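This report refers to the structure that appears directly beneath it.
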Amino acid sequence: MSGFPSSHSLQIPKEYYSRFKSNSNLQEKFHDIDDEAQFRAYLSYLQDARTRNFMLDFGNDDAWCAVDLEEEDIATLLRSAKPRFFGTRWINIWSPEEQKDLVKTITSHYGISERLQGMMCTDPVVRPSQSTGSSANGFRQKNEDRLPRVPRKNDLEEAQELKDLSDPAEIQAAASFRGLTFAHVTNQIWHFCSVDYGPRYTCIGYNSLYVVPNVESPNGRGLPDGRRLWSWLILCDDGTVISMQENPYPSLSRPSERELKSVLGIVRRNVQLIFSGVSKRHSAQSESDSLVTIRVRPAHGDGPDQASIKQEDGPSLLFYYIFDDWVSSYALVAKREHQYGVLLDRLREEMLGKPVVELVNELHWLGRRLAVLKRLYQSYELIMMRILQRQRHLRDEAKSNRPPLPIGPMFGESEVMDLRQPTLQSSLSFASNADTSVGVQLSSPAVARFERLLDRIKLYCLSEIDTCLTEKESLTFLNFNLIALKDSQAVEKLTRITILLAKVTILFLPVSLMTGYFSTELQNVKGVYTVNQYWVSFGVIMFLSIVLLTLFGYLSDTVEGKTIYQSLSRTFVRSSKHKISNRKEE
């Protein structure tokens, strides 16, 4: 396959990684992913649960990667500025709580506050094992495991625990949020998000929801099913992008190999797609592959199709594509994973077949899950609005003052730079930004993509969720109306049966009176009438009673059989008017 870099281009990255005499292992850890064999090998590393981190340096012509770097390796690379041919550096960290020293080394280099560093290194909340008991008990147990272990008894407002304490220090410790960590906040508030700026970085934090096929991930009746993971994403002023993802299995008990492979395949899917798009050895094999292919560098040569991708746009585009997990968002729109529309259709069918109050309870919990999902996407909307607002402020400030120093590839003019140069560049950067706002300016293509993503979330995700919520409300009213209609039909049926029994009683009342008259022990009555006269009188009275009851039923809309919604008199008057009008027309 054509498109190999020249031999001179191959020597430049090797010379860069071999110049670190204090850490000679770096040259052996980095390899060119534009090579077919190396590209396939590193893809397998990304799918391996034992892989903790990777660093990817790439530009228009070169892309070199290393996995499982130690804290010393990262520190050595950060102390030396990147060469010109590497416009973007991507540092990805999985399970940051297991690599706290590495995270603190990276974040301290870019001036990230200790508060943010502490939150990035927080141990995640251990997911409780699935209980075999009832769903209600399981839901209660999961909520209790999510909550911080604050000692309390009975009602919190009564403060029974505080009444038993005499030492003021103990009272203060018991009243504080002891045990509450940042991981508890992100685990309990799914729509929690973070947007922070510094002189050298822009940092965002957000929750992501991944639904793994054939793997049950219940979160309780009031939360959507799926694997919730917190992510950090940092864009630095030197073209470095740092991404961190929460450990999906922080507990000591590991899942089965099949489940772990399925979960990692979904939660790392976006990273693998971006990584594949960086290499020139990746090409779309089908229409579905081309739909999710992500490019942050020219793929093949210098053709006109790749002219729009510039090396200086790499960090901003990488920052955008890591945040935009388009495949997971599309699953909600297509109803392939988040099948709330299918569930609403099923509830509607059950409702029309047999409306019961229990269906309202299911609709209530469905509405709770949809509300959580809506707030989750609204947090994405808030992040993008704050990013775009900051970008407008930075651009207006740059126009009013002077153009800011370029990031990434423009920081070194020579191939091999002096170790003192990063210090000089940092001092110049801080001096130029002393009177400016914090944050890193994105490239125009990345800003345009963020604006497009904001429109997509509003048009597809939020509108779809609003539609489901509206349908849920209508189904709730429909269920109550159907129950009321069912009750009214039952009452109507009971009323008609009562009327029928009353008519039967009224029907035989005249006959009973006649029979009593014939059996009366009176003179000129007993022995005067014959049997034929009795039965003739019986038939005449019975016939007259039936006629009178039928006429009364038609006039009062109480005729047995099919329900009549219009009285006979109205029907007769309307039919007469209709016949008269037809004759006039003729």
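Scanning segment 232-254 for residues that are part of a strand (DSSP E or B) and under 17 Å from VAL271 (Cβ atoms) yields TRP232, LEU233, ILE234, LEU235, THR240, VAL241, ILE242, SER243, MET244, GLN245. Checking each residue in segment 224-267 for being modelled with pLDDT of 95 or more, within 26 Å of ILE189 (Cβ to Cβ) and polar (S, T, N, Q) picks out SER231, SER243, GLN245.
Identify the residue in segment 28-37 that is touching a residue at least 12 places away in the same chain (Cβ under 8 Å) and closer than 15 Å to SER279 by Cβ and, among all such residues, is nearest to the chain's Cα centre (by Cα). Lay out the reasoning, then the answer.
So the first thing to find is which residues in segment 28-37 are touching a residue at least 12 places away in the same chain (Cβ under 8 Å), and the list is 29-36.
Cutting the leftovers down to closer than 15 Å to SER279 by Cβ gives us 30-36.
Working: PHE30: 37, HIS31: 37, ASP32: 36, ILE33: 33, ASP34: 35, ASP35: 37, GLU36: 36 Å.
In this case the residue turns out to be ILE33.
Take the conditions (1) acidic (Asp, Glu); (2) out of contact with any strand residue (DSSP E or B) (no Cβ under 9 Å at 6 or more places or on another chain); (3) farther than 16 Å from TRP232 by Cβ; GLU98 misses just one of them, which is (3). When restricted to residues that are touching a strand residue (DSSP E or B) at 6+ places or on another chain (Cβ under 6 Å) and part of a strand (DSSP E or B), segment 178-205 contains 8. Scanning segment 23-71 for residues that are within 22 Å of ASN270 (Cα to Cα) and of a type in the set (D, E, K, R) returns ASP32, ASP34, ASP35, GLU36, ARG40, ASP48, ARG50, ARG52, ASP57, ASP62, ASP68. Give the residues of segment 167-205 that are modelled with pLDDT under 85 and either within 28 Å of GLN391 (Cα to Cα) or within 26 Å of the chain's Cα centre (by Cα) (or both), sorted by residue number. Hit for segment 167-205 is LEU180, nothing else. Criterion applied to LEU347, LEU352, LEU370 was being part of a helix (DSSP H, G or I), surrounded by fewer than 15 Cβ atoms within 10 Å (Cβ to Cβ) and touching a residue at least 12 places away in the same chain (Cβ under 8 Å), and the one residue passing it is LEU352.
Counting just the residues of segment 93-122 that are of a type in the set (Val, Ile, Thr) and in contact with a Phe, Trp or Tyr (Cβ under 7 Å, 6 or more places away or on another chain), which one comes out farthest from VAL185 (Cα to Cα)? So that I can check it myself, show each step before the final result.
Step one: filter segment 93-122 for residues of a type in the set (Val, Ile, Thr), giving 93, 103, 105-107, 112, 122.
Add one more test, that the residue is in contact with a Phe, Trp or Tyr (Cβ under 7 Å, 6 or more places away or on another chain), and what stays is 112, 122.
Details: ILE112: 21, THR122: 11 Å.
Among those that are of a type in the set (Val, Ile, Thr) and in contact with a Phe, Trp or Tyr (Cβ under 7 Å, 6 or more places away or on another chain), it is ILE112.
The number of residues in segment 19-42 being within 29 Å of GLU259 (Cβ to Cβ) and surrounded by fewer than 17 Cβ atoms within 10 Å (Cβ to Cβ) comes to 2. Among the residues of segment 516-539, the one identified as without any contact (Cβ under 8 Å) to a residue 24 or more places away in the chain and under 19 Å from LYS503 (Cβ atoms) is GLY539.
Checked against (1) crowded, with 18+ Cβ neighbours inside 10 Å; (2) among the hydroxyl-bearing types (Ser, Thr, Tyr); (3) within 26 Å of ARG368 (Cα to Cα), THR181 meets all criteria but (1).
Rundown of residues vs (1) of a type in the set (A, V, I, L, M); (2) under 30 Å from GLN378 (Cα atoms); (3) at pLDDT below 85, yes/no style:
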| site | (1), (2), (3) |
| --- | --- |
| SER463 | no, yes, no |
| VAL504 | yes, no, yes |
| PHE518 | no, no, yes |
| VAL540 | yes, no, no |
| LEU544 | yes, no, no |
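No other residue among THR515, THR530 is among the β-branched types (Val, Ile, Thr), farther than 24 Å from SER556 by Cα and surrounded by 12 or more Cβ atoms within 10 Å (Cβ to Cβ) apart from THR515.
The values are calculated or read from the model by the stated rules, or taken from the named source; none is laboratory data. These numbers come from a predicted model, not from an experiment. Here the Cβ is made from the backbone with ideal geometry for all residues, glycine too, and neighbour counts use every protein chain on show.
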